[in-house]
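Below: the structure, in structure tokens.
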Amino acid sequence: MTDIHCHVLPGIDDGSRSVEMSLEMLRELKSQGVDRVIATPHFYPTRNSPERFLRNRQEAYERLMNETDDSCPEISLGAEVMYFEGISRYEGLEDFKAEGTDVILLEMPFVPWTSRAIDEVMRLGTMNGIDLVLAHIERYFEYVKKHVWEDFSGNGILMQANAESILDRKLRRRVLRMIKKGTISFVGTDSHNMSGRAPNIAPAFDEIGRTAGKEAYDRLIRLQERYFGGASE
């Protein structure tokens, strides 16, 4: 299993604060059946240059890799890119794809989306060479009309839900319904630490299997393998 959204790199964003915390997170993920983690630190274009972000990401990755062992899953580099106006025309998106994939994980603003923003996401999602995945879509439910998710899905835009939404009493029913329908293609932890936002992918997938059914469960695993591949041999 792959965790496609995880803030496990130490000291680069609001995720793990230390190598020691990162190792705890990785070992917990491994114990839950995860054999590959896509490390997705936040990239905020208004706060950081691409060059600085990529340099800091590499340095954090190397610090962590110096301490990992067989008790940890494989780590691949990615990013959680904050939407900005003009993103569909930005020529440097290639640098933010999850390693070995065409996937861009996109975070949207936590305000009502304008028609202009929706149109730009639609353009980005239909560009050749990009598999667009919208991060933690349950966090945008209050800002977006329901038909937008159908429009996105119909145009090949992929969507990810956080594991915690499947364990949340208020969100569970809607998220599981969207998984069963195929609107949501991925579940990731979006884990930041070992306390308030700890790894929780195993109980979430258990709930998917119980409630949405084996077909929905298997579909999520197949999509992980299709877009992200398996762990390296």
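The values are calculated or read from the model by the stated rules, or taken from the named source; none is laboratory data. Computed from a predicted structure; not experimentally measured. Don't worry about glycine lacking a Cβ; one is built from the backbone with ideal geometry, like all the others, and counts go over all protein chains shown.
Values for this structure:
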{"read-out": "Enumeration of residues in region 53-105 that are within 13 Å of residue 130 (Cβ to Cβ), surrounded by fewer than 17 Cβ atoms within 10 Å (Cβ to Cβ) and basic (Lys, Arg)", "value": "89"}
{"read-out": "Of all residues making up region 100-119, the number that are within 24 Å of residue 56 (Cα to Cα), in a loop (DSSP other than H, G, I, E, B) and β-branched (Val, Ile, Thr)", "value": "1"}
{"read-out": "Qualifying residue in region 118-134 (condition: surrounded by 13 or more Cβ atoms within 10 Å (Cβ to Cβ) and more than 29 Å from residue 91 (Cα to Cα))", "value": "no"}
{"read-out": "Residue 62 without any contact (Cβ under 8 Å) to a residue 60 or more places away in the chain and not small (Gly, Ala, Ser)", "value": "yes"}
{"read-out": "Residues located in region 13-28, provided they are of a type in the set (Asp, Glu) and under 15 Å from residue 71 (Cβ atoms)", "value": "20, 24, 28"}
{"read-out": "Residue 46 modelled with pLDDT under 95 and closer than 18 Å to residue 80 by Cα", "value": "yes"}
{"read-out": "Pair list, Cβ under 6 Å, 6 or more apart: region 153-169 residue within 12 Å of residue 191 (Cα to Cα), other residue among the small types (Gly, Ala, Ser)", "value": "163/204"}
{"read-out": "Hits in region 14-37 - residues which are closer than 14 Å to residue 60 by Cα, surrounded by 22 or more Cβ atoms within 10 Å (Cβ to Cβ) and touching a strand residue (DSSP E or B) at 6+ places or on another chain (Cβ under 8 Å)", "value": "15"}
{"read-out": "Filter result (surrounded by fewer than 19 Cβ atoms within 10 Å (Cβ to Cβ), under 17 Å from residue 2 (Cα atoms) and in contact (Cβ under 8 Å) with a residue 40 or more places away in the chain) within region 191-206", "value": "198, 202, 203"}
{"read-out": "Criterion (within 18 Å of the chain's Cα centre (by Cα) and either among the charged types (D, E, K, R) or modelled with pLDDT under 95 (or both)) met by exactly one of 94, 20", "value": "94"}
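Yes or no, residue by residue, for (1) in contact (Cβ under 8 Å) with a residue 60 or more places away in the chain; (2) at positive phi; (3) part of a helix (DSSP H, G or I):
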site	(1), (2), (3)
98	yes, no, no
121	no, no, yes
124	no, no, yes
129	no, yes, no
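A quick yes/no check of all residues on (1) modelled with pLDDT of 95 or more; (2) under 19 Å from the mean Cα position of the chain (by Cα):
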site: 166; (1), (2): yes, yes
site: 173; (1), (2): yes, no
site: 188; (1), (2): yes, yes
site: 198; (1), (2): yes, yes
site: 232; (1), (2): no, no
